[in-house]
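The values are calculated or read from the model by the stated rules, or taken from the named source; none is laboratory data. Because the structure is a prediction, the values reported are computed rather than measured. Cβ atoms come from the backbone with ideal geometry, glycine included; neighbour counts cover every protein chain shown. Quick note on the areas: whole protein, heavy atoms, side chains included, nothing else; ligands and nucleic acids left out. Shrake-Rupley method; radii C 1.70, N 1.55, O 1.52, S 1.80 Å.
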Amino acid sequence: MICPGRRADMARKSPAVLPLGRDAPSRFLPWVFALMVYLAVLALTGVLILHSAVERWQRGEVDTLTVQLMPGETESDEVRIAQVRNLLGNIEGVLEVRVVPQSESLELIERWLGSGNVPDDLPLPRLMDIDVAPGSGLNAESLALHLKASIPGVSVDDAREWIDRLAEFGRSLELLALAVVILIGLAAVATVIFTTRMGISIHRNVIELLHLIGARDGYVAAQFQRQAMILGLRGGVIGIVFAVATLYGLRHVAGRLETPLAPDIPVAHWAWAILAAVPIATALIAMLTARMTALRELAKMP
């Protein structure tokens, strides 16, 4: 008969005797973790990119209205621009008027059509940026009504409206990417629960023998949690390596695109630290899930 004190010492000092490394789950689980970490890192990178983009958009100039003046049939552009300037000078809340050079307008179009693909006879509208005093209440609708009464072919755009819509769309995508990360975490938890239960079922006879010689549930559960942590780290390293290679490729391709729509892959140290912590978090989740699942299943055994 083994005394309780000796049973406790046996539980603490006995080496791992369950051959968990030879199970089928031990062969495929690292690749499952690698795929989950890979997808989680890419989704989390999307969250960081969108968060940075939304902050950049909202930090931009929002108290600016843009007047678009279409080419006139009889009057020259300079005459019509002078008329718009005179009208704007009499409107309260207008701080400064800047006429956008035609070369800048052409450059904006060439970003979409390509350099040299813009026809020479293409009628380009003239653009005028207007700085509005904060709190003046001047908006695109009221300014357009005032200008159209005197000058036809005038439209006014408010940067604040489309920036707010763009930021709202970015935040929605950010929440969607976060939801994907959470779903990947839940899938990892479900996978560990399934494999732990399978391992207990496979080694049930050995576990019952360990109980007979004094091993406690905590000792048996520690073997499952250690195995899950090792497999989680192994798969996490594989996944983070492939994810970093993918991000490096995307960053290289984005750097060659001469467009403001190219994604800004996060380069801040704290952003990369968050991404590097994903494999560690995966291993911890696997370890805790395996322990809790093992203890719950072992408690059901006689």
Under the Karplus relation 6.51 cos²θ - 1.76 cosθ + 1.60, θ = phi - 60°, what is the ordered set of whole-Hz ³J(HN,Hα) values for segment 231-247, x standing for Gly and Pro? 5, x, 5, 5, x, x, 5, 4, x, 5, 5, 5, 5, 5, 4, 5, 5
Going by average Cβ neighbours within 10 Å, how do the peptides 138-149, 40-51 rank, with the highest at the top? 40-51, 138-149
Leaving ligands, DNA and RNA out of it, work out the accessible area of F194 with a 1.4 Å probe and give it in Å² to the nearest 10. 120 Å²
Let's test the formula: R0 of 51 Å, r as the Cβ-Cβ distance of L166 and K300. What FRET efficiency results, to the nearest 0.05? 0.40
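If L87, L233, L176 are ordered by their accessible area, calculated over protein heavy atoms with a 1.4 Å probe, which sequence runs from highest to lowest? Please report the intermediate quantities before stating the final value.
On the way: L87 40, L233 75, L176 105 Å².
If we order L87, L233, L176 from most to least accessible, we get L176, L233, L87.
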How much length is gained if the chain between M292 and S150 is pulled fully straight, taking 0.36 nm per residue apart and subtracting their Cα-Cα distance, in nm to one decimal? 43.5 nm
Given a 1.4 Å probe, how much area per residue of segment 130-239 is accessible, in Å²? 53 Å²
What accessible surface, in Å², does a 1.4 Å probe find on S76, ignoring ligands, DNA and RNA and rounding to the nearest 10? 50 Å²
Check V100: other-chain or 5+ apart residues with amide H under 5 Å from its amide H, H built from backbone geometry? L127, M128, D129
